[in-house]
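Here is the structure we will look at, set down as structure tokens.
Bear in mind that the values in this text are calculations on the coordinates, not laboratory data. Please read all numbers here as calculations on a predicted model, not as lab measurements. In this analysis, Cβ positions are derived from the backbone assuming ideal geometry, glycine residues included, and neighbour counts consider all displayed protein chains.
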Amino acid sequence: MNFAPLRDFILDKLRTGLRHELYYHSIDHTLDVYDAVMRLAKLENLDAYETEILKTAALLHDAGMLITYAGHEEASAEMARSFLPQYGYDETDITLVVNLILDTRMPQQAGGKLGQILCDADLDYLGRDDYFLISHRLRLEWIRTNLRQTTLRQWYELQVNFLQSHHYFCESSQQLRNQGKQNNLEQIKNLLGIY
């Protein structure tokens, strides 16, 4: 696997090809997920091969946004099948990466340890201090792409439901982010007057 040139290629495509109204599904999100994957791979004691597969999936997991909004995970998987052979990935590697990408579809259903890590990395922000900033990027993206128009109150009600139903898979993610996620949920409930 020749990861470094692949990384440069994908990041360049994202940097130049993503639509401007993708405030959430931007290159910043891809890099954020990549960083979270690296952190969790260490905490979960993954070996070098598993880490390389995860890093690849993190870079490609939303690359389908270059082509389509709806069903972008499937488009990302197709891009992986198309690009990865050129960078020394064999069929086993590609199948692993594709399955990891598809694990990130909502509602997330991780098929194994690597999928759990990628899914947790994809939603790492839910338990962080920058949750509100990132959350509102997604709301603005929904509005600008005509996916869904929501008032601020409606948005926060959706967020309460989402945060209450979401769970981190990995013990490391739970330790790192559960308390922050709970704090964010409580702040939203306070804003809505829910006690």
> Looking at segment 18-88, which trypsin sites (Lys or Arg not before Pro) are DSSP coil and have at most 10 other C-beta atoms within 10 Å of their C-beta?
Replying inline: none
> Using the 10 angstrom Cβ neighbour count as an exposure proxy, how do 192, 40 rank, fewest first?
Replying inline: 192, 40
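Looking at segment 90-156, which trypsin sites (Lys or Arg not before Pro) are in a loop (DSSP not H, G, I, E or B) and have at most 12 other Cβ atoms within 10 Å?
Details: sites: 105, 113, 128, 137, 139, 144, 148, 153; in loops: 105, 128, 148.
Passing sites in segment 90-156 are 148.
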> What nm value, rounded to one decimal, do you get for the distance between residue 78 and residue 148 when each label is placed 7 Å out toward the C-beta?
Replying inline: 2.5
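Where nothing but the Cβ of Lys and Arg (+1) and of Asp and Glu (-1) is charged, how large is the charge dipole of the chain around its Cα centre, in debye to the nearest 20?
Working: 19 positive and 27 negative charges, 153 e Å.
So the magnitude is around 740 debye.
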> Using a simple charge model, +1 on the beta-carbon of Lys and Arg, -1 on the beta-carbon of Asp and Glu, nothing else, what dipole does segment 1-58 show about its Cα centre, in debye to the nearest 20?
Replying inline: 140
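Over all directions, the average projected area of the alpha-carbon convex hull for the chain comes to how many nm²? Numbers along the way, then the final one.
Numbers: hull surface 41.7 nm².
Result: 10.4 nm².
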> Lysine pairs in segment 3-192 with alpha-carbon atoms under 16 Å apart, 8 or more places apart or on different chains: how many are there?
Replying inline: 4
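Quick one: length gained pulling residue 187 to residue 13 fully straight, 0.36 nm per residue minus the C-alpha distance?
Details: separation 174, 0.36 × 174 = 62.64 nm, distance 3.71 nm.
Full extension from residue 187 to residue 13 adds 58.9 nm.
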